[in-house]
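The values are calculated or read from the model by the stated rules, or taken from the named source; none is laboratory data. The shown structure was predicted, so the numbers you read here are calculated from the model rather than taken from an experiment. Reconstructed Cβ throughout: ideal geometry from the backbone, glycine too, with neighbour counts over all protein chains shown. Areas reflect the complete protein model, heavy atoms only, side chains present, ligands, DNA and RNA absent. Shrake-Rupley method; radii C 1.70, N 1.55, O 1.52, S 1.80 Å.
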Amino acid sequence: MQEALFQIRPARDDDRFALAAAFAAVAEERDGIATEPPVDVQARAASWAIDGTLVAVAGAELIGSLVVLPSRHGYGEIAMAVAREWRGRGVGSALLAAAIEWARGRGLHKLSLGVFAHNTAAIELYRKFGFVEEGRLIKQYRRANGELWDAVEMGLLL
Ligand SMILES: CC(C)(COP(=O)(O)OP(=O)(O)OC[C@H]1O[C@@H](n2cnc3c(N)ncnc32)[C@H](O)[C@@H]1OP(=O)(O)O)[C@@H](O)C(=O)NCCC(=O)NCCS
């Protein structure tokens, strides 16, 4: 039997640096996530919310992560990223499926997120799992290059 290419598991304390380094690499793309360089990797690593983070690993390599930040009001905010060379191979789907289970297990009633309006890959992924568009924030994000980007709010009732 062929071994799975990657696995999803809860993050551990010793994932902190890899999580922050992977986040910094995605920020360098200046496209999918709101944060742009420079990223203070040490500070990110130290402050990373390990409880609520799921990681995708291929062998010893961290290839993706998803964070659920539960609010006091019963919903959780999510953020995720997959390493560029691993995209389009089901890693994001596996992370999101695991996060939905995790959130249900924690008793959350809803998952929410914001995504740049041009981020078709992410929006399609969220739609595939039943997220619906709840609103659009016009010219909300000022980018380092001066552009003003719209964001779409999406939500999934659990
Ligand atoms: C968004 C992201 C997490 C998706 O992860 P992924 O591992 O590539 O996703 P998957 O391979 O599981 O694809 C899931 C679905 O997304 C959609 N999708 C993925 N890539 C796509 C693309 N380039 N164009 C259109 N739809 C796409 C498809 O619906 C796909 O489902 P299918 O395989 O059944 O057709 C990844 O592209 C990423 O990390 N991007 C940069 C960071 C980012 O944008 N994060 C989200 C911020 S809100």
>> Could you check the range 26-76 and list, in sequence order, the residues that are touching a Pro at 6+ places or on another chain (Cβ under 9 Å) and either closer than 17 Å to Leu125 by Cβ or not in a helix (DSSP H, G or I) (or both)?
In response: Arg30, Ile50, Asp51, Gly52, Thr53, Leu54, Val55, Gly76
> Which residues, taken from the range 15-56, are buried (at least 18 other Cβ atoms within 10 Å of the Cβ) and under 18 Å from Arg84 (Cα atoms)?
Replying inline: Ala18, Leu19, Ala20, Ala22, Phe23, Val26, Ala27, Gly32, Leu54, Val55, Ala56
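What's the total number of residues in the range 117-155 that are aliphatic (A, V, I, L, M), out of contact with any Ser or Thr (no Cβ under 8 Å at 6 or more places or on another chain), assigned to a strand (DSSP E or B) and open to solvent by less than 90 Å² (accessible area, probe 1.4 Å)?
So the count comes out to 5.
With the condition kept exactly as written, say whether any residue in the range 62-79 is within 16 Å of Arg9 (Cβ to Cβ) and exposed (fewer than 15 other Cβ atoms within 10 Å of the Cβ). Even if it seems obvious, please write down each step before you answer.
So in the range 62-79, the residues within 16 Å of Arg9 (Cβ to Cβ) come out as 62-68.
Next, from what is left, pick out any that are exposed (fewer than 15 other Cβ atoms within 10 Å of the Cβ): none.
There is no residue in the range 62-79 that is within 16 Å of Arg9 (Cβ to Cβ) and exposed (fewer than 15 other Cβ atoms within 10 Å of the Cβ).
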>> Out of the residues in the range 77-104 meeting the condition of being among the β-branched types (Val, Ile, Thr) and either in a helix (DSSP H, G or I) or more than 17 Å from Gly114 (Cα to Cα) (or both), tell me which one is farthest from the ligand (Cβ to nearest atom).
In response: Ile100
